[in-house]
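Right, one structure below, let's go through it.
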Amino acid sequence: MNARKPLFLLSAALMSAAFTACVQTKENIRLEHVNDTTTIVHIQNPSKYLLLPVQETSAEGKVKLDTGNPADMAMDVRLAVDSADYFVPFELPEGADEATVVIGKVNKNAACWNLIEMSDTFDVTNTDYYRPLYHHTPLYGWMNDANGLVYQDGEYHLYYQYNPYGSLWGNMHWGHSVSKDLMHWDHLKPAIARDTLGHIFSGSVVVDNKNSAGFGKDALIAFYTSASDEHGQIQCMAYSNDKGRTYTKYEGNPILTPFDGLKDFRDPKVFWYEPAQKWYMIVSADKEMRFYSSSDMKEWKYLSGFGKGYGVQPNQFECPDFVQLPVDGDPNKKKWVMIVNINPGCLFGGSATEYFVGDFDGTTFVCDNKPETTKWLDFGKDHYATVCFSNTGDRVVAVPWMSNWQYANLTPTKQFRGINALPRELSLYTQNGEIYMAANAAKEVQALRKETRDLGSFEVEKEQITDNLLADNKGAYELEMDITPGNASKVGIELSNAKGEHTTIYLDLKSGRAVMDRTESGITDFGKKAVPHEKETHDHRKTNSINYKDDFALATWAPLSLCAGKTYHLNVFVDKCSVELFVDGGRIAMTNLVFPTEVYNTLKCFAEGGKAAFGQVKAYRLSL
Ligand code: FRU
């Protein structure tokens, strides 16, 4: 049943007289075109999946497994009108004799009707050139925010905003991957599916080690936003008693709605606040964050708001996190940090992550800085929706989604779209009397170093070029070095390929900036896509065209004043379509997507205006 067979069109004579509808059939599938845009798919002896042909420029059709239950939910699928870009699997009931799938808003003449088929298998062999080799990606479909990050019994759970029915934003589910080491991920079935209350937007998971919610000791409790035009954005909960594999939605949902009818009210972050012996929730509420507390996780009491007028303006607050960390490693000096993802507001356009350092008294968060101070967690353009794992003890590990809402739906991949950046360990340090948060690649990443090429230490007055940086370079490697600018005014590295495409990372001592320039990094214009807008959307998630010159072909920068000394330690991670820079243990983090059409395998170390020293330059081949 796997082979794609041409559809056998029944002649008019064969059509049942009882139907005015046109009927088409192929092995075990009968298509009943009820009217121009509604089709009932009658299935005998269903295989595991109905394979749906997707064309990304088609409008969304409605695909519903009809079991007669009012809770049956139609999924939005861009069924092929002219030709298929790829297929997605739509699960059919196991062991049933028959199944009915109702498809709306798709013309009866669309190409999909000839292409649709059943199969017991779905091939997930990678077909995308730009799929990273050591970063987390979904096997297929769309991914944005990592959410619900939690550690339990030796497993890291990475849930994420997932569309299983196409590689564009839509049908928000919580996709699910697990790992023992933050690097090797097993892909599991989506844990929470879109339902009649709405899309399953971002949120968090806690281990209920006190059985406060009554769903069992150590149950995993997920908090998420249900989002729909009908019900707005409301907070819901679900629980898992099988190590996070499946969740049961709480029958009393929603557990929290905005007291003032806010339209943007989402992404609940829940944590245990020891001094009050209570659970706390932070919800992003338009341009501020709101704190709530609860004893049973079901009844939430409003405490306070924070953030109006803070940081870059204007903005939209999303995906909060709130962590307490020692300053400069001193356990007696701890500070609270509020992580706020904002869209737009990025220094370089689109979405980015800022944070606020301060104190929390159990009711109110007071920021150390004036509202106009903005501190960035990352200075690239592709770092968003960053949140942290819960239940990791003293360690605070965050996972950023590596894209930008400006062009996330347009990037040049097909089978999947969406990558998570390297997990980062967060810590606080003092610099010039100010407290900042460093975000360094988690130590687990070091286990990926499979082979080292030691380029030694040298001085550069102009440039030093290393061709064939790594033999059989697959585009997945790390560079490590110390740079001492000396009297040079500009010093850095350029990674390039034979086509002249390059990404340059340099320290500009005159302007006091660390810069990453992707202006000529490869494909910088992925083209427009007429992604038609439908209801139940969020405008910014469906951007369908950008000004690539301003929005992608650019350089991003960070102030060198965040670093301590005269020598800068660089770790640079390259993985097919991304470059992540960490300076001095994450005092500067900079994450950018790049799309070179062949691997960068030439390293140029350069200096301008003087002599600079490069120390212990190493290239590591990285693989899982
Ligand atoms: C952030 C975000 C969240 C929302 C989710 C929807 O990128 O906009 O605020 O919950 O994406 O997918």
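The values are calculated or read from the model by the stated rules, or taken from the named source; none is laboratory data. Here the structure is a predicted model, which means the values were calculated and not measured. Note that we place each Cβ from the backbone using ideal geometry, even for glycine, and neighbour counts take in every protein chain shown. Surface accessibility is based on the protein's heavy atoms, side chains included, excluding ligands, DNA and RNA. Shrake-Rupley method; radii C 1.70, N 1.55, O 1.52, S 1.80 Å.
Tabulated results
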quantity	calculated
Dipole of the chain, positive end: most advanced residue of 617, 118, 135 [Cβ charges, Cα centre]	617
Theoretical gain in end-to-end length, residue 133 to residue 45 [0.36 nm per residue, Cα-Cα removed]	27.8 nm
Rounded accessible area of residue 396 (nearest 10 Å², 1.4 Å probe)	10
Positive-end residue, the chain charge dipole about Cα centroid, Cβ charges, pick of 202, 350, 507	507
Normalised contact order of the chain, rounded percent, pairs of Cα under 8 Å and 6 or more residues apart	12
Approximate spin-label separation residue 67-residue 452, in nm, with each point projected 7 Å along Cα-to-Cβ	5.5
DSSP-assigned coil residues among chymotrypsin sites (Phe, Trp or Tyr not before Pro) in the range 250-307, each with at most 16 further Cβ atoms within 10 Å	259
Kirkwood-Stokes translational diffusion coefficient of the range 141-441, alpha-carbon pairs, 4 °C, 1.567 mPa s, µm²/s	68
Rounded accessible area of residue 557 (nearest 10 Å², 1.4 Å probe)	70
Pair residue 313, residue 123: separation of 7 Å Cα→Cβ label points (nm)	5.6
Overall dimensions of the range 327-378 by Cα: Rg and Dmax, Å	12.8, 38
Summed residue charge, Cβ within 10 Å of residue 509's Cβ, Lys/Arg positive, Asp/Glu negative	+1
Within the range 7-119: Cβ-based charge dipole about Cα centre, in debye rounded to nearest 20 (Lys, Arg +1; Asp, Glu -1)	240
Dipole in debye (nearest 20) - the chain, about Cα centre, beta carbon charges: Lys, Arg +1; Asp, Glu -1	240
Radius of gyration and Dmax over the Cα atoms of the range 383-540, both given in Å	19.5, 59
Proximal lysine pairs, the range 549-624, alpha carbons under 22 Å, eight or more residues apart or interchain	7
Gyration tensor (Cα) of the chain, equivalent ellipsoid semi-axes in angstrom	43, 32, 20
Cα-Cα pairs of the range 132-236 separated by more than 22 Å (percent)	33
With every protein chain in place, the chain: carbon and sulfur % of accessible area (1.4 Å)	49
Rounded, prolate or oblate (a/c below 1.5 giving rounded, otherwise prolate when a/b exceeds b/c) for the range 7-119 by Cα gyration tensor	rounded
Simple label model, 7 Å out from Cα along Cβ direction - residue 432 to residue 395, nm	3.3
For the chain, accessible area per residue (1.4 Å probe, heavy atoms of protein chains only), Å²	38
Debye, to nearest 20: dipole size of the range 375-475, +1 on Lys, Arg Cβ, -1 on Asp, Glu Cβ	520
Listed pairs 269/528; 269/334; 189/381; 26/62; 414/450; 375/414 exceeding 32 Å between Cα atoms	269/528; 375/414
Cβ-Cβ FRET estimate between residue 217 and residue 196, R0 fixed at 22 Å, reported to 0.05	0.10
